[in-house]
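Working notes for the structure below.
Read the figures in this text as sums done on the coordinates, not as results from a lab. Fair warning: this is a prediction, and the values are worked out from it, not measured in the lab. No Cβ is skipped: glycine too gets one built from the backbone with ideal geometry, and neighbour counts run over all protein chains shown.
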Amino acid sequence: MIRTKIAAALGAAALAGLGIAATATPASAAWSDCSSGALCAYLGDNGSGDPGEVFGDNSNLEQYNKFNNAESVYNNGNSCDVRIYDETGYSGNSWVLERGRAVYNLDTWYNGDFADDLASNRWIC
């Protein structure tokens, strides 16, 4: 009985140790984690982290944390490009992000106009 408890405790400690080792490095989601047909925003550069997804036109993406604080973005649209804007209501600076294309670091892209923020989007088909 005591041996069983010791073995169980050692096994749990070993698994916990493996879990800590496995999660010590931040997980990096691949662009492929973005659902088909979606515009995806990530809180980390290079598509790292879980994507926030939208599928239609949005006049206010700032209501979604992952778009309001985006560091990278990916267009996984099925057949359309997407125009992204740095202000709500489809205004301000805009850029057409072609289908299948990604921006790896919004802080340094397009003169920094989209740094940490995608405010609205409109699909172009």
(request) Return yes or no: is SER91 touching a residue at least 40 places away in the same chain (Cβ under 8 Å), of a type in the set (S, T, N, Q) and either farther than 15 Å from GLY47 by Cβ or in contact with a Leu (Cβ under 6 Å, 6 or more places away or on another chain) (or both)? (result) no
(request) Give the number of residues within region 94-124 that are over 17 Å from GLY44 (Cβ atoms), surrounded by 15 or more Cβ atoms within 10 Å (Cβ to Cβ) and of a type in the set (Asp, Glu). (result) 1
(message) Can you confirm whether TYR64 is free of Cβ contacts under 8 Å to residues at least 24 places away in the same chain, surrounded by 14 or more Cβ atoms within 10 Å (Cβ to Cβ), touching a Gly at 6+ places or on another chain (Cβ under 6 Å) and not β-branched (Val, Ile, Thr)?
(response) yes
